[in-house]
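The values are calculated or read from the model by the stated rules, or taken from the named source; none is laboratory data. Note that the structure is predicted; figures quoted are calculated from it, not measured. Here the Cβ positions follow ideal geometry from the backbone for every residue, glycine too, while neighbour counts run over all protein chains shown. These accessible areas exclude ligands, DNA and RNA; they are computed on the full protein's heavy atoms, side chains included. Shrake-Rupley method; radii C 1.70, N 1.55, O 1.52, S 1.80 Å.
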Amino acid sequence: MTTQHEHPDWRSRYADALMNTFGPPQRVLVRGEGAYVWDNQDRRYLDLLGGIAVNALGHAHPALVDAVSTQVRTLGHVSNFFATPAQIALAEQLLELCLPAGVPHGSGVFFTNSGTEAMEAAVKLARLHGGPERPRILALEGAFHGRTLGALALTHKPAYRDPFAPLPGGVEHLPFGDVDALRAAFAAGGEKVAAMVVEPIQGEAGVRPLPEGYLAEARRLTSEYGALLILDEIQSGIARTGRWLAHHHDHVGGGITPDAIALAKGLGGGFPIGALVGVGEAGQTYTPGQHGTTFGGNPMAAAAALATLEEIERANLCEHVQHLSARWRTDLAAVDHPLLAGVRGEGLLLAVTLGRPVAAPAAQAALEAGFIVNPVAPDALRLAPPLIIDQEQANTFTRALPQILTAAEESA
Ligand code: PLP
């Protein structure tokens with residue numbers, strides 16, 4: 001008898017029942033444990049993508065399972081007319097970990113259910129801050145900030161934007177990492193800029209770290225002209241790079257404090273939750289009624305996030321990520337294959353770069369070999385595994401890489 005999981009027609013059933021926004025799925029996954037997932041044929045995969053930088057604690061982590069099941073048994077949802085202990089404790093913890101140099105007076109958190117909603121809250125915050133006198137919002141070429149209309153206005157890729165024109169106006173995309181262009185954008189009417197929005201490491205553009213010094217200059221200029229500096233740490237935050245937030249690395253952030261920080265992905269360890277952290281005055285900009293959400297800060301999501309943060313701390317995962325990444329990068333870069341060009345990124349947000357645009361067949365070959373990776377750019381494979389991945393698991397991919405690349409070359 002065929003069980004529901006093993007049903008042979010899942011591709012056509014998927015196509016018949018779901019909107020075609022993602023293209024055909026690669027596999028049907030039915031369970032996970034630690035850094036592994038299994039498909040409906042009981043084939044095991046090392047999950048080197050972690051649900052796109054989400055599953056910080058891997059799959060079915062007991063701390064997360066316990067926290068969510070206890071919370072849903074106790075109090076699963078309340079409206080935002082009421083507070084819950086989990087929501088308050090999470091907001092307090094986020095302020096502490098986002099602002100290690102001290103939490104400026106007024107700082108506060110707005111909870112959402114996703115990254116794009118955190119960015120939507122950021123765009124509205126920028127509008128409130130700027131008012132009609134400051135219509136400009138600066139973002140970067142290559143930026144990805146989400147798909148709702150406000151967030152999409154910040155996202156750069158024409159294929160994502162163009163079908164939905166007209167988008168909310170006022171957004172200008174500056175050349176990535178170009179300090180002269182940044183200065184020129186402020187010199188030409190900086191007093192009309194409400195905010196600048198930046199990912200410290202661009203994730204969807206292919207894991208591209210900003211050049212050292214760029215964020216510091218963005219901070220200097222935004223402060224000088226009275227604009228907000230908003231960091232999108234949705235992909236790079238929550239210990240992904242070996243610090244709580246990517247900009248906490250001195251060589252990334254240069255010691256700056258932003259006005260707002262957007263979080264999501266790893267925050268709930270797989271439970272949907274996002275947050276916009278407003279720093280100082282930016283935490284006081286919204287007044288009652290100006291923004292809201294039914295589910296944002298839901299006690300289950302808050303409990304999941306609290307458990308995730310606690311486990312990252314308890315298991316010293318920042319340190320683990322730093323050590324594992326240093327060794328893994330060296331090992332990956334030393335792989336002897338003509339297609340391998342290099343490794344870039346930070347911590348466990350990495351891209352293996354290739355000399356030719358064969359990332360898609362390489363990801364397919366990796367899947368056949370039992371590894372989930374993502375062709376984030378035509379010539380780059382993204383690695384964003386669970387933070388709990390161990391060295392030996394990472395090594396299995398390093399050892400398999402030459403064969404994967406050869407298979408990619410042959411099928412391209
Ligand atoms: N911002 C960044 C930097 C992201 O990487 C993403 C998602 O990939 C988003 C925003 C949107 O988040 P979500 O997909 O949770 O809406």
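Tabulated data for the structure shown
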| read-out | value |
| --- | --- |
| Filter result for Ala89 (open to solvent by less than 40 Å² (accessible area, probe 1.4 Å), more than 15 Å from the ligand (Cβ to nearest atom) and either small (Gly, Ala, Ser) or closer than 19 Å to Leu306 by Cβ (or both)) | yes |
| Single match in Arg31, Arg73 (criterion: modelled with pLDDT of 95 or more, in contact with a Phe, Trp or Tyr (Cβ under 6 Å, 6 or more places away or on another chain) and of a type outside the set (A, V, I, L, M)) | Arg31 |
| Single match in Thr257, Thr293, Thr285 (criterion: within 14 Å of the ligand (Cβ to nearest atom), touching a residue at least 60 places away in the same chain (Cβ under 8 Å), surrounded by fewer than 21 Cβ atoms within 10 Å (Cβ to Cβ) and not hydrophobic (A, V, I, L, M, F, W, C)) | Thr293 |
| Residue in the range 133-143 that is of a type in the set (D, E, K, R) and near the ligand (Cβ under 9 Å from one of its atoms) present | no |
| Boolean, Gly206 is of a type in the set (Gly, Ala, Ser), more than 16 Å from the ligand (Cβ to nearest atom) and not in a helix (DSSP H, G or I) | no |
| Condition check for His320: more than 30 Å from Thr74 (Cα to Cα) and outside the structural domain of Ile88 (by TED's automatic domain parsing) | yes |
| Hey, Ser69 in contact with a Gly (Cβ under 6 Å, 6 or more places away or on another chain) and surrounded by 12 or more Cβ atoms within 10 Å (Cβ to Cβ) or not | no |
| Checklist (1) open to solvent by less than 30 Å² (accessible area, probe 1.4 Å); (2) more than 13 Å from the ligand (Cβ to nearest atom); (3) touching a helix residue (DSSP H, G or I) at 6+ places or on another chain (Cβ under 7 Å) applied to Leu267, failing item | (2) |
| Hits in the range 116-132 (condition: within 16 Å of the ligand (Cβ to nearest atom), open to solvent by 10 Å² or more (accessible area, probe 1.4 Å) and not hydroxyl-bearing (Ser, Thr, Tyr)) | Glu117, Glu120, Val123, Lys124 |
| Single match in Ala227, Ala188 (criterion: surrounded by 24 or more Cβ atoms within 10 Å (Cβ to Cβ) and either more than 16 Å from the ligand (Cβ to nearest atom) or at pLDDT below 95 (or both)) | Ala227 |
| Among (1) in a loop (DSSP other than H, G, I, E, B); (2) away from the ligand (no atom under 15 Å from the Cβ); (3) within 22 Å of Leu125 (Cβ to Cβ) - the single one Leu182 does not satisfy | (1) |
| The range 230-243: number of residues that are more than 16 Å from the ligand (Cβ to nearest atom) and either not in a loop (DSSP other than H, G, I, E, B) or not basic (Lys, Arg) (or both) | 1 |
| Qualifying position, being of a type outside the set (S, T, N, Q), within 16 Å of the ligand (Cβ to nearest atom), within 30 Å of Arg27 (Cα to Cα) and in the same structural domain as Ala369 (by TED's automatic domain parsing), among Gly50, Gly146 | Gly50 |
| Yes/no for Leu267 being outside any loop (DSSP other than H, G, I, E, B) and within 18 Å of Val321 (Cβ to Cβ) | yes |
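Every residue, every condition in (1) closer than 30 Å to Ser411 by Cα; (2) surrounded by 14 or more Cβ atoms within 10 Å (Cβ to Cβ); (3) assigned by TED's automatic domain parsing to the domain that holds Ala407, yes or no:
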{"site": "Leu324", "(1), (2), (3)": "no, yes, yes"}
{"site": "Thr330", "(1), (2), (3)": "yes, no, yes"}
{"site": "Asp336", "(1), (2), (3)": "yes, no, yes"}
{"site": "Gly345", "(1), (2), (3)": "yes, yes, yes"}
{"site": "Val352", "(1), (2), (3)": "yes, yes, yes"}
